[in-house]
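K.L.:
Got a structure for you, questions after.
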Amino acid sequence: MTKLAHLMQRGTEFLGCETAILCGAMSWVSERNLVSAISNAGGFGVIACGAMTPELLDTEIAATKALTTKPFGVNLITMHPQIMELIAICAKHRVSHIVLAGGLPPKGALEAIKESGAKAICFAPVLSLAKKLIRSGVDALIIEGMEAGGHIGPVATSVLAQEILPEVCDQVPVFVAGGIGKGGMIASYLEMGAAGVQLGTRFACATESIAHPEFKKAFFRANARDAVASVQIDPRLPVIPVRALKNKGTEEFTRKQVEVAAKLDKGEIDMAEAQFQIEHYWAGALRRAAIEGDVESGSLMAGQSVGMVEKEEPVAEIIATLLAEAEEALAR
């Protein structure tokens, strides 16, 4: 067993795959084609459920199973109004791992996942929450830093890794995410105690990704400083920052916040509806860019590792490159 395989062993045994590299759940992009390709290449694909209905998720899982016999997971948003029905769909298909994103799991969610025989993985943006989630029975954690694409927290990956890994990595497998684009970084997090890593941006432009050619070209042109976090303009309107390539869409989001805040002021909508409208904006804007190719006004969600995405490559080549770089770094 190589040193890399030894360091990844805990992660690979937990996930049931050959390489402890998860693909981050990217709405519209992490679907059957990319997910199955990653699992078939030895990694661990994860379907992005997002705002899917139970019926749509049912179809997507079945279609993914038709393309791979390897294990894969499903990412569910904790605030989804039908989360328990979505968990039931995963149970029906015997999905092995469920990733819960977007906050603390609602009451009964972890129990339902455990009853189905699946493993529960949750995001931990701070050490206190990591400990709380472990006490509540989660099977593994993902710590994701602000360098990541899409919805982000306020702390850098390197800081989270230093704070959280030494405290909890002996209790549950911990996967590190955010800003990872090269194998050398994977090696360093593994040596710190991580069981594996999660990458999203690096896979968004894979050959098997259904992302629009114009969306991919925008990634190839971009560098790290082009991936910027959205700005919250009204302190009453809780907006989780989103990291994306700057374009007209980022400006339009500022205007959208002004519009929603005005409705809130007039009493036309309540806070829950305000938050829903903000989230709905992002879902639509991402689809316009990733699927329809509107790279001017759509949302080009990307992590700061986007500067390391230079060309379209098959998933198997991306994973092979990352592993070779990690092996080389460990040898040094």
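K.L.:
Taking the chain as a Gaussian network, where each spring joins two C-alpha atoms under 10 Å apart, which residue of Ser36, Ser136, Ser230 fluctuates the most?
P.N.:
Fluctuation is largest for Ser136.
K.L.:
Right, another one. Please list the non-local residues whose amide H lies under 5 Å from the amide H of Leu300, H modeled 1.01 Å from N, same-chain partners needing a gap of 5 or more.
P.N.:
Leu245
K.L.:
Can you give the Rg/Rh ratio of region 1-78, where Rg is from the C-alpha atoms and Rh is the Kirkwood radius?
P.N.:
1.02
K.L.:
Can you give the FRET efficiency to the nearest 0.05 for Glu273 and Lys107, using r as the Cβ-Cβ distance and R₀ = 25 Å?
P.N.:
Calculated transfer efficiency: 0.65.
K.L.:
Hey, could you pull the Cα Rg and Dmax for region 21-146, both in Å?
P.N.:
13.5, 40
K.L.:
Oh, and also: Given charges of +1 on the Cβ of Lys and Arg and -1 on the Cβ of Asp and Glu, with all other atoms neutral, how large is the dipole of region 1-66 about its Cα centre, in debye to the nearest 20?
P.N.:
Dipole of region 1-66, to the nearest 20 debye: 280 debye.
K.L.:
With a cut-off of 8 Å between alpha carbons and a minimum separation of six or more residues, what is the relative contact order of the chain in percent?
P.N.:
Value for the chain: 18 percent.
K.L.:
Roughly how many Å is it from the Cα centre of region 52-76 to that of region 296-329, as a whole number?
P.N.:
Their Cα centres are 24 Å away from one another.
K.L.:
Another one. When N counts the residues of region 121-224, how does its alpha-carbon radius of gyration compare numerically with 2.2 N^0.38 Å, as a ratio?
P.N.:
That ratio works out to 1.15.
K.L.:
Just the number please: accessible area per residue for the chain, 1.4 Å probe, all protein chains included, in Å².
P.N.:
Per residue, the chain has 43 Å² of solvent-accessible surface.
K.L.:
If contacts are Cα pairs under 8 angstrom and at least 6 residues apart, what is the relative contact order of region 273-316 in percent?
P.N.:
24
K.L.:
Taking the Cα centre of region 180-332 as origin, work out the dipole magnitude from +1 charges on Lys and Arg Cβ and -1 charges on Asp and Glu Cβ, in debye rounded to 20.
P.N.:
About 320 debye.
K.L.:
For region 186-200, in order, what is each residue's ³J(HN,Hα) by Karplus, 6.51 cos²θ - 1.76 cosθ + 1.60 with θ = phi - 60°, in whole Hz (x at glycine and Pro)?
P.N.:
With the stated coefficients, region 186-200 comes to 4, 4, 5, 5, 4, 5, 7, x, 5, 8, x, 9, 10, 10, x Hz.
K.L.:
Here's another thing I want to ask about it. What number comes out for the charge environment of Gly184, summing +1 per Lys or Arg and -1 per Asp or Glu over other residues with Cβ under 9 Å away?
P.N.:
0
K.L.:
To continue, here is another question. Dividing the alpha-carbon Rg of region 1-40 by 2.2 N^0.38 Å yields what?
P.N.:
Output field value: 1.35.
K.L.:
Could you state, as a whole-number percent, how many of the C-alpha pairs of region 16-59 are farther apart than 13 Å?
P.N.:
Here the long-distance tail beyond 13 Å is 51 percent of all Cα pairs in region 16-59.
K.L.:
Pairs of alpha-carbon atoms within less than 8 angstrom and 6+ residues apart define the contacts here; what relative contact order does region 82-188 have, in percent?
P.N.:
It comes to 21 percent, rounded to a whole number.
K.L.:
Out of the trypsin sites (Lys or Arg not before Pro) in region 107-174, which ones are loop residues according to DSSP with at most 12 other C-beta atoms within 10 Å?
P.N.:
In loop regions of region 107-174 (DSSP not H, G, I, E or B), the sparsely surrounded trypsin sites (Lys or Arg not before Pro) are Lys107.
K.L.:
Now for a different question. Of Lys3/Lys70; Lys107/Lys131; Lys246/Lys311; Lys132/Lys263, which ones are farther than 27 Å apart at the Cα?
P.N.:
Pairs exceeding 27 Å: Lys132/Lys263.
K.L.:
Let me ask something else about it. Report the paramagnetic label zone for Ile240: residues of region 65-79 whose backbone N is under 18 Å from a point 7 Å from Cα along the Cα-to-Cβ axis.
P.N.:
In region 65-79, the label zone of Ile240 (backbone N under 18 Å from the point 7 Å along Cα→Cβ) covers 74-79.
K.L.:
Within region 230-308, what whole-number % of the accessible surface is contributed by carbon and sulfur, with the 1.4 Å probe and all protein chains included in the calculation?
P.N.:
Carbon and sulfur together cover 55 percent of it.
K.L.:
If you average over every viewing direction, what projected area does the convex hull of the Cα atoms of region 189-253 give, in nm²?
P.N.:
Spelled out: convex hull of the Cα atoms, projected over all directions, averaged, 7.1 nm².
K.L.:
From zero up to wherever the largest Cα-Cα distance of region 270-331 sits, split into 5 Å bins and tell me the percent of pairs in each.
P.N.:
Reading the bins upward from 0: 4, 14, 12, 16, 16, 11, 9, 8, 6, 3, 1, 0.
K.L.:
When a/c is below 1.5 the answer is rounded, else prolate if a/b is larger than b/c, else oblate, so apply that to region 165-275 with a ≥ b ≥ c taken from the square roots of the Cα gyration tensor eigenvalues.
P.N.:
It is oblate, given that a/c is not under 1.5 and a/b is not larger than b/c.
K.L.:
Which percent of Cα pairs goes in each bin when the distances of the chain are cut into 10 angstrom slices starting at zero?
P.N.:
6, 27, 37, 24, 6, 1, 0
K.L.:
Whenever you get a sec, compute what percent of the accessible area on region 1-56 sits on carbon and sulfur atoms (1.4 Å probe).
P.N.:
It is 55 percent, rounded to a whole number.
The values are calculated or read from the model by the stated rules, or taken from the named source; none is laboratory data. All values derive from a computational prediction rather than experimental measurement. Here the Cβ is made from the backbone with ideal geometry for all residues, glycine too, and neighbour counts use every protein chain on show. Just the protein is used for accessible areas: all its heavy atoms, side chains included, with ligands, DNA and RNA removed. Shrake-Rupley method; radii C 1.70, N 1.55, O 1.52, S 1.80 Å.
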